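As structure tokens, the structure follows; a few thoughts come after it.
The values are calculated or read from the model by the stated rules, or taken from the named source; none is laboratory data. Quick caveat, the model's predicted, so the values are computed rather than measured. All Cβ positions, even for glycine, are placed from backbone atoms using ideal geometry, and neighbour counts span all protein chains on display.
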Amino acid sequence: MADTTNALVFYESDHLPVYYFPIGDVREEFLLPSKTTTEDPFKGTATHYSLNTGITLVEDAAWRYLDPVKGCPPISDYMSFTWSKMGHWFEEDEEIFVHARDPFRRIDCLPSSRRVQVILDGEQVADSRRGVFLFETGHPVRHYLPIADTRLDMFAPSRYISRCPYKGISSYYHVTTKAKRHENLVWYYPEPVHEAERIKGLVCFHHELVDKILVDGVEIPKEATAASSGYF
């Protein structure tokens, strides 16, 4: 639908970043004007477009601000697309997932020999000194561990997957203790993006959903996240 080396990354407070493409780099022959318009106090009136490839019709998949309000960056000659309505997005040859990457967010993957123990239903399900600690802006520290240092006999593969713009596509395991089965409690990245290569194949437990995680014998405080209430 679009291919450019001159995209704008539109960043607004409390919003995900959005790519805007120069109209000249958009396949306009696939665009169909829509009756839908939306209002934004900082950008103006958005005119929406559907996409018709001749095989697939996608309603209201793109939008454009033909006459942005005063103070808005000059985006009248640019168009954007609804991320979830497109099949794939790429930066150069690397596929990007979920949304455009936030220029103010970063991840750091640091190997650590500190002892990490994971306790679930009173049982120790992981014990490792070969972890990688992942620090991500706005998120709690995650402890990625070799699967050989976990109770793999408790694991069962899940069909669930999730996507992250900063790490890639993750797969999951269910974990069954003597007490109960915990759905999608553990995840891993079989083929992470370049910035997260150090966690390739390592597993991570939802800290919010286990009894506790200890690092060098000290319990790590839990932080509230979307997983705290169970979102699977």
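Listed by position, the strands (runs of 3 or more DSSP E) inside the range 30-100 whose residues that are touching a Ser or Thr at 6+ places or on another chain (Cβ under 7 Å) and not assigned by TED's automatic domain parsing to the domain that holds residue 196 number at least 2 are 31-40, 44-52, 57-64. Please go through (1) more than 30 Å from residue 194 (Cα to Cα); (2) touching a residue at least 60 places away in the same chain (Cβ under 8 Å) for residue 77 and return the number of the only condition it doesn't satisfy. It is condition (2) that residue 77 fails. Does residue 88 count as at pLDDT below 95, of a type outside the set (Ser, Thr, Tyr) and either surrounded by 17 or more Cβ atoms within 10 Å (Cβ to Cβ) or within 30 Å of residue 45 (Cα to Cα) (or both)? Against the criterion (at pLDDT below 95, of a type outside the set (Ser, Thr, Tyr) and either surrounded by 17 or more Cβ atoms within 10 Å (Cβ to Cβ) or within 30 Å of residue 45 (Cα to Cα) (or both)), residue 88 qualifies. Can you name the residue in the range 217-232 that is modelled with pLDDT under 65 and of a type in the set (Ser, Thr, Tyr) and, of all such residues, is nearest to residue 115 (Cα to Cα)? Here the residue is 228. Restricting the range 1-16 to residues that are at pLDDT 90 or above and assigned to a loop (DSSP other than H, G, I, E, B), which is nearest to residue 165 (Cα to Cα)? Per the criteria, the residue is 7. The condition of being in contact with a Gly (Cβ under 9 Å, 6 or more places away or on another chain), more than 30 Å from residue 216 (Cβ to Cβ) and free of Cβ contacts under 8 Å to residues at least 12 places away in the same chain holds for only one of 95, 39, 29, 91, that being 95.
Among the residues making up the range 121-149, those that are closer than 18 Å to residue 208 by Cα and surrounded by 16 or more Cβ atoms within 10 Å (Cβ to Cβ) are 125, 126, 133, 134, 136, 140, 142, 143, 144, 145.
Set side by side, the residues 178, 212 differ, and just one is touching a residue at least 60 places away in the same chain (Cβ under 8 Å), surrounded by fewer than 21 Cβ atoms within 10 Å (Cβ to Cβ), more than 18 Å from residue 146 (Cβ to Cβ) and among the basic types (Lys, Arg), which is 212. Among the residues of the range 100-120, those identified as under 15 Å from the mean Cα position of the chain (by Cα) and crowded, with 17+ Cβ neighbours inside 10 Å are 100, 101, 107. When restricted to residues that are under 26 Å from the mean Cα position of the chain (by Cα) and exposed (fewer than 12 other Cβ atoms within 10 Å of the Cβ), the range 53-84 contains 1. Go through the range 176-190 and give me each residue that's out of contact with any Asp or Glu (no Cβ under 9 Å at 6 or more places or on another chain) and either part of a loop (DSSP other than H, G, I, E, B) or not hydroxyl-bearing (Ser, Thr, Tyr) (or both). If the condition is that a residue be out of contact with any Asp or Glu (no Cβ under 9 Å at 6 or more places or on another chain) and either part of a loop (DSSP other than H, G, I, E, B) or not hydroxyl-bearing (Ser, Thr, Tyr) (or both), then 181, 183, 184, 185, 186, 187, 190 are the ones that fit. Residues of the range 23-33 that are touching a strand residue (DSSP E or B) at 6+ places or on another chain (Cβ under 7 Å) and either buried (at least 16 other Cβ atoms within 10 Å of the Cβ) or of a type in the set (Asp, Glu) (or both): 25, 26, 30, 31.
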